[in-house]
Structure formats: C-alpha cells, structure tokens
C-alpha cells in the first residue's frame, strides 16, 4: 500500500515560485522480506505520456533506488523531488507512482513504466495517483480548487489504475 501527505488521490497546489515539489511516500508491504523499487512519472494533457525510449527519458532514477526489507510491514519512506522548472504555471499534471518487487528492467525496457515480470498478478504492484496544479501566489480557496479540478484535462486517471491506495 502507498500513502502520503498529502493524501493519495488529492489535488496538490504547487506554488511556481518554489524551486521544487517534494512528496514523501510511505510504503507498506505485507511481504516483509521483499526488496521494493519505486517509479514515478508526470503526465499532462498537453504532453501525453509517451513511452520512454531510453533510461534517460524516465522521470525516476534507473536503476531504481531500493526500499529494503525491514522485517516490518512499514518500510522506509521515499521522496519524489520534482524540480519547479518541470511544472508550468497554469497547467495541471497527473503524478503516477508505482512500487513493486518485480518490475521489468527499466534499462532494457524503459517504455514499460508499471509492468512487472508477473503481469497477471496485480497484487505484485502498488499504485497511487496525485494531481498537481501549478499556480503562483497564495493557496486558492476551496471553490477555486473545485473549478481547477473540473478544468484539469490530466485529472482523469489512467486506465487500470486507482485514485486511492492499493494493497500490495
């Protein structure tokens, strides 16, 4: 399961005057012996997700950092650092996060973002989705937030994923 602050599936307001957006993701896994690997990518309506052609095209580090076994269900957190320069003011982004112990190699298959070596087993992957709206200035009130959500072309979740934490 993936969780974070802010909550999985929420809209995150990013002040474009900031240098970066840091999002800390907490990971829980019932199999306390697995080594897990995180992946993430940004998608916008203006720049639909295209398959990566090489590892340098990826948003996440390849090879991925490892989240080692702790002997406990709760794992170490990992952080996603998005440079502020990647977030254009007035645009909405979908941030997709996936964690698994069995992703296909990002070095050999960079186009396969969330495909595991066990493609038929959806329990082998945890997913989370966030939406980021890049604006300048102070945090908008809740009525403005709702209009942002309604106008965000990237807001629709990708096929086959969920907007809430997924048990792993």
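The values are calculated or read from the model by the stated rules, or taken from the named source; none is laboratory data. Worth saying up front: this structure is predicted, and the values here are computed from it rather than measured. For neighbour counting, all protein chains shown are included, and Cβ atoms are generated from backbone atoms with ideal geometry for every residue, glycine included.
Summary table below
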read-out: When residues of segment 33-55 are limited to those that are modelled with pLDDT of 90 or more and more than 16 Å from the chain's Cα centre (by Cα), the one surrounded by the most Cβ atoms within 10 Å (Cβ to Cβ); value: 34
read-out: Extreme residue, modelled with the lowest pLDDT, among residues of segment 87-138 that are over 30 Å from residue 30 (Cα atoms) and part of a loop (DSSP other than H, G, I, E, B); value: 138
read-out: Cβ pairs under 9 Å, 6+ apart, first in segment 10-35 and on the phi > 0 side of the Ramachandran plot and touching a residue at least 60 places away in the same chain (Cβ under 8 Å), second surrounded by 15 or more Cβ atoms within 10 Å (Cβ to Cβ) and outside any strand (DSSP E or B); value: none
